[in-house]
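A.B. asks: Pasting a structure here, questions to come.
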Ligand SMILES: *Cc1c(COP(=O)(O)O)cnc(C)c1O
């Protein structure tokens with residue numbers, strides 16, 4: 001790289017990733033193929049609009065990659081962008097059993113905003129999980145733009161020792177507030193929500209759209225380790241592509257319904273959601289799509305369709321369950337008492353009298369990355385909360401198996417214990433480094 005400063009930082013970041021382990025549950029390591037597509041010449045291209053949707057769910061990859069069809073784009077030169085976006089859409093539909101996919105959202109937040117904008121008017125009510133109980137910022141945090149436009153109301157967990165959601169409360173709030181959207185899907189929740197029950201409640205409210213924000217667990221869904229909300233009648237699934245799904249950073253919106261011409265405004269019905277959403281992404285909330293990222297999404301979706309990805313998803317959950325067990329043996333108090341997915345939320349204040357921020361710094365010091373996190377109804381502030389959040393998508397990609405979780409749990413505990421002992425932290429750092437280098441990044445293979 002000619003730019004010596006940025007070049008050096010990329011090199012140092014590569015070294016950091018090689019010498020440590022990523023435990024942040026929303027991160028992963030992509031393959032060399034995904035990275036190559038992200039760094040490809042598609043970054044030079046403007047492609048506002050959409051490719052033709054003809055044959056998307058019937059044609060195989062070969063035909064999708066070959067056939068040049070008419071499109072609805074605003075710029076010329078789309079012969080390759082059309083084909084690569086068609087591949088990404090078709091593969092996304094295959095993965096999730098959807099009728100339509102919009103692969104253009106720049107991020108998970110953009111995907112959610114586009115869905116709200118497609119279905120709601122200003123002032124409409126949206127029902128989602130309490131942010132302190134695991135909901136995401138985009139589900140109505142007061143600091144967001146969405147919170148200025150829509151009226152967010154909440155449900156929560158009934159019992160944080162089991163993670164059970166308070167479905168009776170959810171139903172009462174839904175019937176009272178008559179939301180236009182019911183959102184299922186969380187950022188810091190380690191159990192499996194009851195999609196059937198949620199769908200039944202949502203359907204009691206007229207005009208309520210069922211939305212599943214599967215940003216964290218999308219890879220587990222396509223790998224067969226988590227229920228697919230479409231099987232319970234959900235209308236829309238949004239997700240990121242970079243968490244358990246292991247693609248480039250980005251967003252994705254999947255829908256059931258009739259795929260229509262995005263140039264024409266359809267009636268506002270659940271059936272027309274695919275078209276309403278396409279219009280809401282572009283031109284509603286975004287400009288030109290990131291075609292290099294869409295190419296990388298196509299690659300990642302192709303990888304997720306392979307049988308190896310099912311093995312991966314299975315191992316992610318196996319590792320998380322084992323890591324949760326090992327942590328409990330060492331005295332960690334876990335919110336919900338364990339995990340059914342890839343994610344663990346531990347109350348380190350209750351466990352060891354240390355706050356999440358201090359724990360994060362000490363654990364970072366030895367080469368393990370995770371994040372401080374509020375626990376439900378936390379008495380401490382968000383920048384110094386009671387908990388830490390961690391997960392296994394990244395380390396499973398690196399090749400760690402359940403037996404390795406014993407060591408990982410011990411290191412986390414040891415770092416917390418040694419948080420004021422620089423010499424001990426340094427010793428642990430060397431151990432983690434030596435261990436991590438035995439598990440190359442997928443892009444190094
Ligand atoms: C991560 C996440 C998002 C946002 O994704 P970004 O790509 O960071 O914008 C949205 N919803 C949930 C539940 C998430 O976990």
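The values are calculated or read from the model by the stated rules, or taken from the named source; none is laboratory data. Being a predicted model, the structure only gives us computed values, none of them experimental. With ideal geometry, Cβ positions are generated from the backbone for all residues, glycine too; neighbour counts draw on all protein chains shown.
A.B. asks: From the list 20, 55, 97, 77, pick out the single residue that is touching a residue at least 24 places away in the same chain (Cβ under 8 Å), surrounded by 14 or more Cβ atoms within 10 Å (Cβ to Cβ) and more than 30 Å from residue 435 (Cα to Cα).
C.D. replies: Working: 20 fails: more than 30 Å from residue 435 (Cα to Cα); 55 fails: touching a residue at least 24 places away in the same chain (Cβ under 8 Å); 77 fails: surrounded by 14 or more Cβ atoms within 10 Å (Cβ to Cβ).
Matching residue, one of 20, 55, 97, 77: 97.
A.B. asks: Looking at the stretch 260-279, can you tell me whether even one residue there is assigned to a helix (DSSP H, G or I), more than 22 Å from residue 48 (Cβ to Cβ) and in contact with a strand residue (DSSP E or B) (Cβ under 7 Å, 6 or more places away or on another chain)?
C.D. replies: Taking the stretch 260-279 as the starting set, the residues that turn out to be assigned to a helix (DSSP H, G or I) are 270-279.
Cutting the leftovers down to more than 22 Å from residue 48 (Cβ to Cβ) gives us 270-271.
Subset that is in contact with a strand residue (DSSP E or B) (Cβ under 7 Å, 6 or more places away or on another chain): 270.
Yes: the stretch 260-279 contains one or more residues that are assigned to a helix (DSSP H, G or I), more than 22 Å from residue 48 (Cβ to Cβ) and in contact with a strand residue (DSSP E or B) (Cβ under 7 Å, 6 or more places away or on another chain).
A.B. asks: In the set 114, 109, which member is within 16 Å of the ligand (Cβ to nearest atom), closer than 25 Å to residue 256 by Cα, part of a helix (DSSP H, G or I) and touching a strand residue (DSSP E or B) at 6+ places or on another chain (Cβ under 7 Å)?
C.D. replies: 114 is the lone residue from the list that is within 16 Å of the ligand (Cβ to nearest atom), closer than 25 Å to residue 256 by Cα, part of a helix (DSSP H, G or I) and touching a strand residue (DSSP E or B) at 6+ places or on another chain (Cβ under 7 Å).
A.B. asks: Need at least 3 residues that are at pLDDT below 95 per element, so show me which helices (runs of 4 or more DSSP H) inside the stretch 129-215 make the cut, counting only ones lying wholly within it.
C.D. replies: Output list is empty.
A.B. asks: Quick check on the stretch 404-416. Is at least one of its residues surrounded by fewer than 20 Cβ atoms within 10 Å (Cβ to Cβ) and at pLDDT below 95?
C.D. replies: no
A.B. asks: Residues in the stretch 372-394 that are out of contact with any helix residue (DSSP H, G or I) (no Cβ under 7 Å at 6 or more places or on another chain) and within 14 Å of residue 318 (Cβ to Cβ): how many?
C.D. replies: Residues that pass the stated criteria total 0.
A.B. asks: Does residue 344 satisfy the criteria of being crowded, with 22+ Cβ neighbours inside 10 Å, farther than 17 Å from residue 217 by Cβ and either in contact with a strand residue (DSSP E or B) (Cβ under 9 Å, 6 or more places away or on another chain) or at pLDDT 95 or above (or both)?
C.D. replies: So residue 344 fails the test.
A.B. asks: In the stretch 1-80, which helices (runs of 4 or more DSSP H) lie fully inside it and hold 2 or more residues that are over 30 Å from residue 134 (Cβ atoms) and in contact with a strand residue (DSSP E or B) (Cβ under 8 Å, 6 or more places away or on another chain)?
C.D. replies: In the stretch 1-80, there are no helices (runs of 4 or more DSSP H) which contain 2 or more residues that are over 30 Å from residue 134 (Cβ atoms) and in contact with a strand residue (DSSP E or B) (Cβ under 8 Å, 6 or more places away or on another chain).
Every residue, every condition in (1) more than 16 Å from the ligand (Cβ to nearest atom); (2) within 20 Å of residue 110 (Cβ to Cβ); (3) surrounded by fewer than 22 Cβ atoms within 10 Å (Cβ to Cβ), yes or no:
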site: 197; (1), (2), (3): yes, no, yes
site: 203; (1), (2), (3): yes, no, yes
site: 207; (1), (2), (3): yes, no, yes
site: 211; (1), (2), (3): no, yes, no
site: 224; (1), (2), (3): yes, no, yes
site: 235; (1), (2), (3): yes, yes, no
site: 240; (1), (2), (3): no, yes, no
site: 244; (1), (2), (3): no, yes, no
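A.B. asks: Has the stretch 260-282 got at least one residue that is buried (at least 22 other Cβ atoms within 10 Å of the Cβ), within 16 Å of the ligand (Cβ to nearest atom) and within 18 Å of the chain's Cα centre (by Cα)?
C.D. replies: no
A.B. asks: Right, another one. Could you please find all residues in the stretch 140-165 being more than 22 Å from the chain's Cα centre (by Cα) and over 30 Å from residue 332 (Cα atoms)?
C.D. replies: 148, 149, 150, 151, 153
A.B. asks: Taking residue 123 as meeting all but one of (1) in a helix (DSSP H, G or I); (2) closer than 30 Å to residue 174 by Cβ, write down the number of the exception.
C.D. replies: The failed condition is (1).
A.B. asks: Being touching a residue at least 24 places away in the same chain (Cβ under 8 Å), closer than 21 Å to residue 371 by Cβ and within 13 Å of the ligand (Cβ to nearest atom) is the filter here; which residues of the stretch 136-187 pass it? Walk me through it before giving the result.
C.D. replies: Keep residues of the stretch 136-187 that are touching a residue at least 24 places away in the same chain (Cβ under 8 Å), which gives 136-139, 145-146, 149-157, 160-165, 167, 170-171, 173-175, 177-187.
Subsequent filtering for residues that are closer than 21 Å to residue 371 by Cβ retains 136-139, 157, 160, 163, 185-187.
Once the filter is applied, which keeps residues that are touching a residue at least 24 places away in the same chain (Cβ under 8 Å), closer than 21 Å to residue 371 by Cβ and within 13 Å of the ligand (Cβ to nearest atom), the stretch 136-187 yields 136, 137, 138, 139, 185, 186, 187.
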